[in-house]
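Okay, structure first, notes after.
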């Protein structure tokens, strides 16, 4: 079988509610030179059977494979396995609970070929909830540009200069790290040995960091092609965790990922030549992890966070003593205190609010008094005019 232009890789776990819509969106593509590789991460529902029923409709261009056991890591193992099976010139990742526009692959491939791009990054996405699009959302860079009156309406090939790459890493948290925002040249991934770190979470952020640092031709495409479902359940990238597990997950992920980040700086030429970016990358990933458990952390105090992390790190045999849980709890406390201070400054003190209310009341009284006075003057003028008329 000849090499397709694009390999679409879809990790899947218990996606029976949504995988039909996902596959239907690829069946409807205006671009036809692609293969679909669905990687089942040991689903326990009817997802596999649904995908198998679609195989004839793709005329041999749909492959269903699976992991030996559930990876439990947001689909990173499944994506790596799909990448190993792929044959396309370019690779595109989608999630089984989402779907794309009918021109998605055509727009991505056309842009990639026109600019000979290593990476095509779509910086706008549709937010899909309750069966409808609730928002068309640009990334943080796009929102900042809009606020400054800059309209993004055409593809832009980002500069390859080291200082510009460093700037992109510095604003990394204002872009979308999601894998489905990128079409990537497969040879580029193979040459640079870029795979997903098989950690519990955050692997897409680290994968995206490598893309940003390695890509010589990085294309920013201001086009929305992807419907990101917000109300999916039981899928690879969705699912609820308890407060304790949420807090423990993202903190332990950061600790585990530091060694991976260290390896990046030893292995990759760009990072070797730009060691000053180490703090940027580490800070980006820390913020990504710490912000991901923010809602959970609001539900407990800092002492409880120290207790949760000390227990979790011991159970996982992480290479970290009590210093790390302590520092996490201190940062949590400082962040919460800062938020409280900002909220306090945003609201006038009680005595100021009381004074404002008094002045507003006085103002209403004065306006009422003036209105009565104006009415009295008008009445007086009418009476005088009537008297003068009699004379």
(request) Please build a GNM for the chain, connecting alpha carbons under 10 Å apart, and tell me which residue among 340, 178, 15 fluctuates the most. (result) 340
(message) Using Cα springs under 10 Å in a Gaussian network model of the chain, which residue among 293, 337, 14 shows the largest mean-square fluctuation?
(response) 337
(request) Quick one: give the max-minus-min coordinate of the C-alpha atoms of segment 243-346 along each principal axis, largest first, in Å. (result) 45, 39, 19
(message) Which of 183, 334, 221 ends up with the largest GNM mean-square fluctuation for the chain, with Cα atoms connected below 10 Å?
(response) 334
(message) Along the Cα→Cβ direction, 7 angstrom out, place labels at residue 68 and residue 157. What is the inter-label distance in nm?
(response) 4.4
(message) To test your reading of the geometry: what angle, between 0 and 90 degrees and rounded to tens, separates the Cα axis of helix 104-115 from the longest principal axis of the chain?
(response) 80
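Counting other C-beta atoms within 10 Å, which of 3, 268 has the fewest, and how do the rest follow? Kindly include the intermediate steps, with their values, before the conclusion.
On the way: 3 12, 268 18.
Taking fewest neighbouring Cβ atoms as first place, the list is 3, 268.
Divide by every residue of the chain the summed helix terms, -39500 (n - 2.57) for each DSSP H run of at least 4, and state the resulting mean residue ellipticity at 222 nm, rounded to the nearest 500 deg cm²/dmol. Each step should come with its number before you reach the end.
Working: 15 runs with 203 residues, N = 391.
It comes out at -16500 deg cm²/dmol, rounded to the nearest 500.
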(request) Arrange 186, 143 by Cβ neighbour counts within 10 Å, fewest through most, would you? (result) 143, 186
(message) As an exercise, find the ratio Rg/Rh for segment 1-128 from alpha-carbon atoms, using the Kirkwood inverse-distance average for Rh.
(response) 0.95
(request) With 10 Å bins from zero, work out the P(r) of segment 132-252 over every alpha carbon pair and list the percent per bin. (result) 10, 35, 35, 18, 2
(request) Take the Cα coordinates of the chain, assign each an equal point scatterer, and use the Debye formula without solvent to give log10 I(q)/I(0) at q = 0.06, 0.08, 0.09, 0.14 Å⁻¹. (result) -0.34, -0.52, -0.62, -1.32
(request) Bin width 10 Å, alpha-carbon pairs only: give the P(r) of segment 10-84 as whole percents, running from 0 to the bin holding the largest distance. (result) 20, 54, 25, 2
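Once the convex hull of the C-alpha atoms of segment 88-145 is built, how many Å³ does it hold per residue, rounded to a whole number? Numbers along the way, then the final one.
On the way: hull volume 6.6 nm³, N = 58.
Convex hull volume per residue, Cα atoms: 114 Å³.
Over all distinct Cα pairs, what is the inverse of the mean 1/r for segment 6-229, reported as the Kirkwood hydrodynamic radius in Å? Spell out each step's value before the answer.
Values: mean 1/r = 0.0560 Å⁻¹.
Every distinct Cα pair counted, the radius reaches 17.8 Å.
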(request) Express in nm, to one decimal, how much length is gained between residue 32 and residue 282 on full extension, taking 0.36 nm for each residue of separation and deducting their alpha carbon distance. (result) 86.0 nm
(request) Working from Cα positions, state the angle (0 to 90°, nearest 10) between the long axis of helix 302-316 and the longest principal axis of the chain. (result) 10
(request) Only Cα pairs under 8 Å and at least 6 apart count here; give the relative contact order of the chain as a rounded whole percent. (result) 16
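Please arrange 187, 118 by counting, for each residue, the other beta carbons lying within 10 Å of its beta carbon, fewest first. Let's see the in-between values first.
On the way: 187 11, 118 23.
By the 10 Å Cβ count, ascending, the order reads 187, 118.
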(request) Report, in whole Å, the centroid distance computed from the Cα atoms of segment 78-153 and segment 242-309. (result) 26
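Subtract the Cα-Cα distance of residue 230 and residue 304 from 0.36 nm times their separation in residues, and report this length gain in nm to one decimal.
Details: separation 74, 0.36 × 74 = 26.64 nm, distance 2.98 nm.
Result: 23.7 nm gained on full extension.
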(message) Please compute, for the alpha-carbon atoms of segment 101-195, the extent along each of the three principal axes and give them in descending order in Å.
(response) 41, 32, 25
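Bear in mind that the values in this text are calculations on the coordinates, not laboratory data. Just so it is clear, the model here is predicted, and its values are computed rather than measured. As a convention, Cβ positions derive from the backbone with ideal geometry for all residues, glycine included, and neighbour counts pool all protein chains shown.
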